1. Just to be sure I understand the filter: pairs with C-beta atoms under 8 Å, separated by 6 or more residues or on different chains, first member in the range 76-102 and open to solvent by less than 30 Å² (accessible area, probe 1.4 Å), second member modelled with pLDDT under 90 and charged (D, E, K, R). Which pairs pass?
2. Name the residue, out of Glu296, Glu285, that is loosely packed, with under 14 Cβ neighbours inside 10 Å, acidic (Asp, Glu) and either under 25 Å from Trp367 (Cα atoms) or over 9 Å from the mean Cα position of the chain (by Cα) (or both).
3. Scan the range 148-199 for residues that are open to solvent by 30 Å² or more (accessible area, probe 1.4 Å), touching a Leu at 6+ places or on another chain (Cβ under 7 Å) and touching a residue at least 60 places away in the same chain (Cβ under 8 Å) and report the count.
4. Can you list residue pairs whose Cβ atoms sit under 7 Å apart, with the first residue in the range 350-363 being within 12 Å of Tyr392 (Cα to Cα) and the second being hydroxyl-bearing (Ser, Thr, Tyr)? Count only pairs 6 or more apart in sequence or on different chains.
5. Leu108 is checked against (1) touching a residue at least 60 places away in the same chain (Cβ under 8 Å); (2) not in a helix (DSSP H, G or I) and fails just one. What number does that condition carry?
6. Select, from Ser109, Ser115, Ser144, the only residue that is farther than 21 Å from Arg69 by Cα, small (Gly, Ala, Ser) and touching a Lys or Arg at 6+ places or on another chain (Cβ under 9 Å).
7. I want to confirm something. Restricting to the range 415-444 and keeping residues that are part of a helix (DSSP H, G or I) and more than 18 Å from Met402 (Cβ to Cβ), which single residue is least open to solvent (accessible area, probe 1.4 Å)?
Amino acid sequence: ENLFSMSKWLVGFCIGNKEGFLEKACVKTDVRTVISDIRSDLTIQINDITYLLHKLQFPLLPKCGLLRRLCSDISEPSTMTLELDDIPGGEDAFELCAKYCYGITINLSAYNFVSALCAAKYLQMTEAVERGNLVLKLEAFFNSCILEGWKDSIITLQTTGKLPEWSESLGVIRMCIDSVVEKILTPPAKVIWSYTYTRPGYVHKRHQSVPRDWWTEDIADLDIDLFRCIVTTVRSTNILPPQLIGEALHVYACRWLPDIMKSRPPESSAAPTEESMDSKRRVLETIVSMIPADRESVSVAFLLRLLSLANLLGVSPVTKTDLINRTSLKLEEVTLADLLPSQTSNDAYIYDIDLVGAILESFMMQWRRRPAGEHNESLRLIRKVGRLIDSYIQVVARDVNMPVQKVVSLAEALPAVARIKHDDLYKAINIYLKEHPDLTKAEKKNLCRILDCQKLSPEVCAHAVKNERLPLRTVVQVLFFEQEKGARATNSKLHSKELEEDDLSKLKLGSDEQFIKAKGTRRTTTPGISEQGHHGLGLSDGKLQLERDHQKNQVREIEPEKRSEIREEGTHESKLNPKKKIQQSSKSDSRDKGRER
């Protein structure tokens, strides 16, 4: 069987092999031909490769409209040389079309379909030239095989990157994208084709249900423009939830944007090229622009990773601002590990405190705009963020290169209500003073002024008064507020004791009043009471008076009030009964005469 093959670089001679094709080589060019008794009369030059072919003995010109037209324009019909350096797909695509013309079996797949179709279109191997030509057969193969498969459509889209204009004009890209989108929107229960899914913890089993994000890894192999077209088309249908769109973006970022620490080259290696940085920057900006508006579409850890990469790659201010605003909306979900770098090298810590400060500033702007009716929720939110920031400051305080002003600015960005206690802030200050022993007095004073000594627990106060790293002014403040707390506590105890004594005296006095009122009530309500009974009451009052004088004269000041109450009670009762009023006045006269005696 006569076949074309890549020739070897030989010098000055021709060789034949058992497959039956002839290879001829020289120093500068690579010559390819077909073993035949008929002399070659057509030479086609493509780049550095020369093809020795036949015009009419084999159906080359009858099937290729371009070659037929070019040969008809040449006046000398014996030997012709044509240059086809601009053929799409290059020599490989031309060789595949030439084999078809010579009746040699060709192997088509998703990997070479695009170049073969573009070359056939370039050579005008259409139905207008000859029925059943190569273009028709390639289109049938495309519709029946490639578009029906999942991975074949993905692979075909990947190969269009080499011939984007031809692929776009021929409609290959659009049809492949439509096929991919249609399969993505298929319910997982109806997915019958193979797909790539290598998530940790997932083991593919025969009867296991198909995960909802089965498609994310395969489309992550595409160019960013093709990926954007697919995701945008899927989003426009509003069939899939935003979380699935966010997962696809996350998978693509993991595929094309390496971890920030791993992307930092070692000192001995060459720095990344400007071209690679531009490519990654473009990928990052495109991913950010496709993040759904839904708050739960992506995780806050993913947003923070994109922010770190944005600083490294130098993305546009619009992209960075968008990421900061999205992250600040989910700041209460951030953990301390999310804010820290994933790796350290040579015990040198890398902290982007400016980035955390920008996120906190955006969060505070949104927090201040919360409605007044959500006071409790706002308070809970700001205190949770306050604990996170204080924990973060404790970690970055260990960085020997961390400027004191950055720590102070981050700590002061929180309002006073964010911290019930300043214990965590004191720990951060103590760590910073320990790791930075060369601070000046002014720097120490600037650092410690963010500390509210009134909000320190007794245990922390006990540590602070013995802490030699603190400025003397801060220690004095701690001692002063401790003494003030002690004085307030003593006054509070004395006040409580006085209140208890007042309550006891009122309780005792109240029992005496009830006794007198009870006896008075019985006198006024008992019919037929005699004047003698009123005199008896006066004696009883005298005895009661002596008994009270005997008890250290404690109620002499109160006794007139008692008599006043009794008189008021009698007056009230006499208003109700005129006879009782007369009896009450006679009783008062008898009591006065008894006192004169």
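1. That search, which allows pairs on different chains as well, returns Met80/Asp41; Met80/Lys55; Glu95/Arg32.
2. Numbers: Glu285 fails: loosely packed, with under 14 Cβ neighbours inside 10 Å.
It is Glu296.
3. The total comes to 1.
4. Once the first residue is within 12 Å of Tyr392 (Cα to Cα) and sits in the range 350-363, its partners that are hydroxyl-bearing (Ser, Thr, Tyr) give Asp352/Ser308; Val356/Tyr392; Gly357/Ser409.
5. Unmet for Leu108, out of (1) touching a residue at least 60 places away in the same chain (Cβ under 8 Å); (2) not in a helix (DSSP H, G or I): (1).
6. On the way: Ser109 fails: touching a Lys or Arg at 6+ places or on another chain (Cβ under 9 Å); Ser144 fails: touching a Lys or Arg at 6+ places or on another chain (Cβ under 9 Å).
Sole residue among the options that is farther than 21 Å from Arg69 by Cα, small (Gly, Ala, Ser) and touching a Lys or Arg at 6+ places or on another chain (Cβ under 9 Å): Ser115.
7. Within the range 415-444, the subset part of a helix (DSSP H, G or I) is 416-418, 423-435, 441-444.
Subsequent filtering for residues that are more than 18 Å from Met402 (Cβ to Cβ) retains 416-418, 423, 441.
Values: Ala416: 73, Val417: 66, Ala418: 6, Asp423: 31, Lys441: 181 Å².
It comes out as Ala418.
Condition check ((1) touching a Cys at 6+ places or on another chain (Cβ under 7 Å); (2) touching a residue at least 60 places away in the same chain (Cβ under 8 Å); (3) open to solvent by 50 Å² or more (accessible area, probe 1.4 Å)) across all residues:
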position: Val210; (1), (2), (3): no, no, no
position: Glu217; (1), (2), (3): no, no, no
position: Ile224; (1), (2), (3): no, yes, no
position: Val231; (1), (2), (3): no, no, no
position: Asn238; (1), (2), (3): no, no, yes
position: Gln243; (1), (2), (3): no, no, yes
position: Glu247; (1), (2), (3): no, no, yes
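The values are calculated or read from the model by the stated rules, or taken from the named source; none is laboratory data. All values reported here derive from a predicted model rather than from experimental measurement. Neighbour counts are summed over all protein chains in view; Cβ atoms, including those assigned to glycine, are modelled from backbone coordinates with ideal geometry. Ligands, DNA and RNA are excluded from the accessible area calculation, which covers all protein heavy atoms including side chains. Shrake-Rupley method; radii C 1.70, N 1.55, O 1.52, S 1.80 Å.
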